[in-house]
Amino acid sequence: MGQRGRRPRVRRGAEDCDASTGEPGLRHGERAWHRPPGPRRGQGIARSPRRHLSGYSCSAATVQAVGLTREPSGFRPGGASGRVGLPPRVRRHSVAAAGRQGGLPPGRPCGRFGAGQRPQNDIVGLRPYSIAELVTDRVQEELLEENGSDAARCSATRTAVAQMEMLAYGLTNDGVSFTGYPVVGYQHRIQASGTCLDGTEDDGLQSVCPWDPRIRGAFFYNSGFSVPLSRAAAFVADVQRLRDLNPQAFCVLGISGVIMRYVRASTAYLGKPEDSIDIDLTYYRSYTSGTPRAHADLIDEMEQMGLLKYGGVPHWGKSRNFAFDGAIARFPRASEFLKVKDRYDPEGIFSSEWSDQVLGVKGSPSIVGKGCAIEGLCVCSDDWHCAPEKGYLCRPGKVYTEARVCAFVGNEPSSFVDVL
C-alpha cells in the first residue's frame, strides 16, 4: 500500500482507549490519517478496514464505579451536585456498578488485559454461601424489619455497602484479585457472571445460592418498570421530593437503592415504545402472607407514580399484579402482537389465564380482597385492602396524591369491615 493511502499504525497505549480523544495513537514521526470528504459508510464506498488491537477488548464490557449516591439523606442520580436530572451519559459498553459516591469517574470505555489475565465479575449476590450464613442474614433482616428503627436500618445498609466496596462488588482484574477500576473483560465474565452460574447442582447442602427454596434465606420483592426518557427528569424530581419528606425511609431499599439504566426503544410489538429509563427496586418480603412492610407506602407510591403519572410500563418478569392492570394499553403495537399470537396459536395452547389477563384478552390481573394491596395484588381503594388491624390504612400518596397506598397510621380510625 502506498504512503499516500497508508493508515497509521496503532500504538498500544492507554490513549487509544479514551473515547474523548478521537485520534488513534501514532508512532513517532507519523501523521494522523484523516478521512477524505465524501460519502460515509453505506453511502456508496467500501467500508474502511477496522483497527484490530491485539490484547484489547473494546467491544467488551467495562465496569466502573458509578451509580446513585445512597447516603441516608439522598437519592441523587449521577454526580454530587444534587441537580435534578439524569446521571451523566454512561459511555457505550459501560455498565454502571453500584457506587456510594456519585459521578462518572474518568475511566475508559475500553482497555487492555494480558494473555494470562481473565477479568471476572463474581457478583457477591450470585455466589453460593453456607446455610448458616444465609439463615443468619435472614434472621437479622427480619429483626430489623419487625423491631428496627429507620436509623438502625440505615446503619445496617451503610455497613453492607462498605463490605461490598471492600469486595469491589465481586470484580476481579485477573479472576482472583481486584487491583482497581476499570475492570475490562468479556460479556460472559463481566455482565453475566457469578459462581452460582457454574457451581454444582448439589453438594449435600454444604453451600447454596441465596435464593435456594430449601432454606429460609433471602426473600424479597424485585419490582421493575420503565419511564419514558422524555419524562424521566420529572420522575426523578418527584422521587427526590418524596425522599426529602423522610430521607431515612429510603433505607428500606437496602444496598441496591434505586437502580436506573438506559433502554432503547424497540420495534418489538411488546418492546419499549420509546427510549426509557428502567427503574429497579429490591425490598423486603415476609414469608408470612399479608404481613405489612416498613414504609411500604413509599415504594408503592414510586411504582404508581412511574406507571400512572409518567406513563411507564411494567417489567414483564418482575412486577406485581397491580402493575399490569391496564398496562397493555400503553404498548402502541399490542394489537399487532395479538394478531400474530392468534395466527400462530389459534387454539390458545400457549396461553394461560394469567397471560390473557396481562394482555387484556380476558379478565384483570388485579385480585381484590382482604389485604390485597399489601402483596401488590391490587391498588387499595378501601382500608380492608391493607392491614387495618396492624395500623396500615389506605391513604393518598404524599407527593403523587392520586396514588393509593397502604400507610402506617397507628391508631387512626379506619373504615375496616371484617369481610370474613
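The values are calculated or read from the model by the stated rules, or taken from the named source; none is laboratory data. Please read these numbers as outputs of a predicted model, since none were measured by experiment. Note that we place each Cβ from the backbone using ideal geometry, even for glycine, and neighbour counts take in every protein chain shown.
Please verify whether residue 235 is closer than 21 Å to residue 125 by Cα and of a type in the set (Phe, Trp, Tyr), treating the condition exactly as stated.
Numbers: closer than 21 Å to residue 125 by Cα: no; of a type in the set (Phe, Trp, Tyr): yes.
Against the criterion (closer than 21 Å to residue 125 by Cα and of a type in the set (Phe, Trp, Tyr)), residue 235 does not qualify.
If I filter the range 386-397 for residues that are crowded, with 17+ Cβ neighbours inside 10 Å, within 27 Å of the chain's Cα centre (by Cα), among the basic types (Lys, Arg) and not in a helix (DSSP H, G or I), do I get at least one hit? Within the range 386-397, not a single residue is crowded, with 17+ Cβ neighbours inside 10 Å, within 27 Å of the chain's Cα centre (by Cα), among the basic types (Lys, Arg) and not in a helix (DSSP H, G or I). Taking the range 346-368 as the range and being surrounded by 14 or more Cβ atoms within 10 Å (Cβ to Cβ) and more than 28 Å from the chain's Cα centre (by Cα) as the test, the residues that pass are 351, 361, 368. Screening the candidates 335, 351, 381, 319 for the property of being assigned to a loop (DSSP other than H, G, I, E, B), in the same structural domain as residue 405 (by TED's automatic domain parsing) and either under 28 Å from residue 232 (Cβ atoms) or in contact with a His (Cβ under 8 Å, 6 or more places away or on another chain) (or both) yields one hit, 319. In the set 180, 204, only one residue is out of contact with any Phe, Trp or Tyr (no Cβ under 8 Å at 6 or more places or on another chain), under 24 Å from residue 134 (Cβ atoms) and without any contact (Cβ under 8 Å) to a residue 24 or more places away in the chain; that residue is 204.
Here is a yes/no grid of residues against (1) part of a strand (DSSP E or B); (2) in the same structural domain as residue 323 (by TED's automatic domain parsing); (3) surrounded by fewer than 17 Cβ atoms within 10 Å (Cβ to Cβ); (4) basic (Lys, Arg):
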{"site": "232", "(1), (2), (3), (4)": "no, yes, no, no"}
{"site": "249", "(1), (2), (3), (4)": "no, yes, no, no"}
{"site": "261", "(1), (2), (3), (4)": "yes, yes, yes, yes"}
{"site": "268", "(1), (2), (3), (4)": "no, yes, yes, no"}
{"site": "273", "(1), (2), (3), (4)": "no, yes, no, no"}
{"site": "281", "(1), (2), (3), (4)": "yes, yes, no, no"}
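Within the range 293-308, being under 14 Å from residue 320 (Cβ atoms) and assigned to a loop (DSSP other than H, G, I, E, B) holds for one residue alone: 293. Take residue 197 and tell me if it is touching a residue at least 40 places away in the same chain (Cβ under 8 Å), more than 19 Å from the chain's Cα centre (by Cα) and assigned by TED's automatic domain parsing to the domain that holds residue 330. No.
I'd like to know if the range 153-168 contains one or more residues that are of a type in the set (A, V, I, L, M, F, W, C), in contact with a Pro (Cβ under 7 Å, 6 or more places away or on another chain) and at pLDDT 90 or above.
Checked against the condition, which is being of a type in the set (A, V, I, L, M, F, W, C), in contact with a Pro (Cβ under 7 Å, 6 or more places away or on another chain) and at pLDDT 90 or above, the range 153-168 yields at least one hit.
Sort out which residues of the range 175-201 are part of a loop (DSSP other than H, G, I, E, B) and either among the polar types (S, T, N, Q) or at pLDDT 85 or above (or both), and write them in order of number. Across the range 175-201, the qualifying residues are 175, 176, 177, 178, 179, 180, 181, 182, 186, 191, 193, 200.
Is there a residue being more than 24 Å from the chain's Cα centre (by Cα), assigned to a helix (DSSP H, G or I) and within 29 Å of residue 291 (Cβ to Cβ) anywhere in the range 150-164? Steps first, answer last, please.
As a first pass, look at the range 150-164 and keep what is more than 24 Å from the chain's Cα centre (by Cα): 151-152.
Adding the requirement that they be assigned to a helix (DSSP H, G or I) leaves 151-152.
Filter once more, so that each one left must be within 29 Å of residue 291 (Cβ to Cβ): 151-152.
Yes, because at least one residue in the range 150-164 is more than 24 Å from the chain's Cα centre (by Cα), assigned to a helix (DSSP H, G or I) and within 29 Å of residue 291 (Cβ to Cβ).
Please determine, by comparing only the residues of the range 376-390 that are touching a residue at least 40 places away in the same chain (Cβ under 8 Å) and touching a strand residue (DSSP E or B) at 6+ places or on another chain (Cβ under 9 Å), which one is farthest from residue 291 (Cα to Cα). Ranking the candidates gives 379 first.
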